[in-house]
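**Q** For reference, the structure I am asking about is given below.
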Amino acid sequence: MFMESQDRFKRMLVPFDVEKIAVLRANGIGDLMFALPALAALRKSYPNAEIVLLAKRWHAEFFKDRPGPVDRVIPIPTYPGVGALEHLSDDRPDLDEFFAAMVRERFDLALQMHGGGRYSNPFVRRLGARLTAGLRSPDAVALDRWIPYVYFQPEIIRYLETVSLVGATPLGLEPKVEVTDRDVAESEAAVPPDGRPIVVLHPGATDGRRRWSPARFGAIGSALAEQGFRVVVSGSCEEDHVIQGVLQNMGFPGEGMSRLSLGGLAGLLSRAKLVVSNDSGPLHLAHAVGAATVGIYWCGNVVTAGPITRMRHRPAISWRLNCPSCGRNMIEDNCDHHDSFVDDVSVAEVRDHCLDLLRGALDTVLAD
């Protein structure tokens with residue numbers, strides 16, 4: 001009876017058969033993780049429809065041969081405000097060709113899950129779908145159906161609310177990424193198993209304001225290595241200097257790892273007993289592959305990007321509101337400085353979260 005009422009509700013919202021759904025989400029790793037529960041809800045509600053993610057080339061590589069809600073990825077061209085700088089022109093032959101191809105796809109639904117919509121709503125309107133839906137900030141054009149974009153909302157809930165506009169109901173609130181044998185094999189080639197439980201530290205972040213210092217990560221690495229855990233410090237090739245900064249601040253040996261693909265990183269994180277990270281894509285990927293996490297967050301970001309549950313995930317939160325350089329209040333205004341807003345978080349707080357989450361694993365290490 002409940003399933004029948006759900007189907008009637010969906011039919012009222014979308015009074016035609018849905019064979020193909022486009023979803024615009026062309027941003028970073030963490031952004032993708034936040035959208036996964038919404039994509040899973042679409043899959044549950046439209047099991048026979050093809051779900052096409054309009055995204056970046058790395059999304060296509062990541063989803064290749066990976067079980068999940070996405071059937072196909074179409075990389076989008078550079079478009080102003082959607083994965084590219086706003087000043088680029090949207091009047092270009094390559095864009096005309098792309099949107100002509102999208103119209104030929106004959107999408108039934110097109111969903112904008114890429115932000116407030118100032119740039120992304122015009123993009124979605126050009127896809128030629130039978131019905132468009134998504135987010136709308138005050139400066140954005142309307143789609144057929146929309147909900148207001150309000151910054152301070154948990155991202156996962158934001159996108160679940162978005163897909164509810166087309167009758168999709170949640171399957172769950174936690175992002176989930178299927179880890180493949182290829183992912184694990186790549187990670188084991190880089191970090192061969194040696195019997196010790198792994199803890200991954202990820203000290204990088206795209207914004208310097210979200211970075212806890214290498215010295216503090218090093219102190220956590222030392223505390224956990226002393227207890228018998230194998231400490232692996234991850235990052236991109238561009239973050240090698242940050243990785244080395246952490247290792248140099250450890251009093252015990254650790255390992256740096258910056259040569260894994262995104263899939264290989266997923267494999268490594270899935271093998272970890274714990275991941276300690278700044279608020280960054282790898283932290284949210286760790287959550288999605290089932291690792292326990294301690295995340296270091298600025299208070300404003302924990303509202304939108306913080307974990308919903310606490311059994312396996314702990315946020316360590318900085319409540320600093322004023323820029324360390326100019327004193328400007330970041331809730332009320334913004335500035336161009338990139339000094340850390342999270343170095344106020346103490347090593348003791350993060351260590352206590354780690355030991356609490358690792359207690360079962362720690363008992364095993366000590367017994368060995």
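The values are calculated or read from the model by the stated rules, or taken from the named source; none is laboratory data. The structure displayed is predicted, hence computed values, not measured ones. A quick note on method: Cβ atoms are made from the backbone with ideal geometry, for glycine too, and the neighbour counts reach across all protein chains shown.
**Q** Considering (1) out of contact with any Asp or Glu (no Cβ under 9 Å at 6 or more places or on another chain); (2) closer than 30 Å to A100 by Cα, say which one P193 fails and leave the rest.
**A** The single condition P193 does not satisfy is (2).
**Q** Right, D108: within 17 Å of K20 (Cβ to Cβ) and more than 23 Å from the chain's Cα centre (by Cα) or not? Step through it out loud before you land on a result.
**A** Working: within 17 Å of K20 (Cβ to Cβ): yes; more than 23 Å from the chain's Cα centre (by Cα): yes.
Judged against the criteria, D108 is a match.
Residue-by-condition table, conditions (1) in the same structural domain as E349 (by TED's automatic domain parsing); (2) more than 17 Å from the chain's Cα centre (by Cα); (3) without any contact (Cβ under 8 Å) to a residue 12 or more places away in the chain:
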| site | (1), (2), (3) |
| --- | --- |
| G128 | no, yes, no |
| D139 | no, yes, no |
| L143 | no, yes, no |
| Y149 | no, yes, no |
| G204 | yes, no, no |
| R210 | yes, no, no |
| S213 | yes, yes, no |
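**Q** Here are some conditions: (1) at pLDDT below 95; (2) touching a Leu at 6+ places or on another chain (Cβ under 8 Å). M33 meets all but one. Which one does it not meet?
**A** Looking at each condition in turn, M33 falls short on (1).
**Q** Name the single residue, out of those in the range 89-104 being among the aliphatic types (A, V, I, L, M) and either touching a residue at least 24 places away in the same chain (Cβ under 8 Å) or surrounded by fewer than 16 Cβ atoms within 10 Å (Cβ to Cβ) (or both), that is nearest to I29 (Cα to Cα). Walk me through how you get there before you give the answer.
**A** Of all residues in the range 89-104, those among the aliphatic types (A, V, I, L, M) come to 95, 100-103.
Now narrow it down to the ones that are either touching a residue at least 24 places away in the same chain (Cβ under 8 Å) or surrounded by fewer than 16 Cβ atoms within 10 Å (Cβ to Cβ) (or both): 100-103.
On the way: A100: 28, A101: 27, M102: 24, V103: 28 Å.
Going through the qualifying residues, I end up with M102.
**Q** Whether any residue in the range 320-335 is touching a helix residue (DSSP H, G or I) at 6+ places or on another chain (Cβ under 6 Å) and either of a type outside the set (G, A, S) or surrounded by 15 or more Cβ atoms within 10 Å (Cβ to Cβ) (or both) is what I want to check.
**A** Narrowing the range 320-335 to residues touching a helix residue (DSSP H, G or I) at 6+ places or on another chain (Cβ under 6 Å): none.
Looking through the range 320-335, none of the residues is touching a helix residue (DSSP H, G or I) at 6+ places or on another chain (Cβ under 6 Å) and either of a type outside the set (G, A, S) or surrounded by 15 or more Cβ atoms within 10 Å (Cβ to Cβ) (or both).
**Q** What pairs come out if I take residues in the range 43-65 that are buried (at least 18 other Cβ atoms within 10 Å of the Cβ) and pair them with residues that are part of a helix (DSSP H, G or I) and modelled with pLDDT under 95 whose C-beta lies under 9 Å away, six or more apart or interchain?
**A** Pairs found: S45/Q6; S45/K10; Y46/K10.
**Q** Checking the condition modelled with pLDDT under 95 and among the β-branched types (V, I, T), which residue from T206, T162, T180 passes? Walk me through it before giving the result.
**A** On the way: T162 fails: modelled with pLDDT under 95; T180 fails: modelled with pLDDT under 95.
One residue alone meets the criteria, T206.
**Q** OK, next. Hey, among I308, I243, I296, which residue is more than 18 Å from V345 (Cβ to Cβ) and crowded, with 24+ Cβ neighbours inside 10 Å? It would help to see each step written out before you state the result.
**A** Details: I308 fails: crowded, with 24+ Cβ neighbours inside 10 Å; I296 fails: more than 18 Å from V345 (Cβ to Cβ).
Selected residue: I243, the only one of I308, I243, I296 that is more than 18 Å from V345 (Cβ to Cβ) and crowded, with 24+ Cβ neighbours inside 10 Å.
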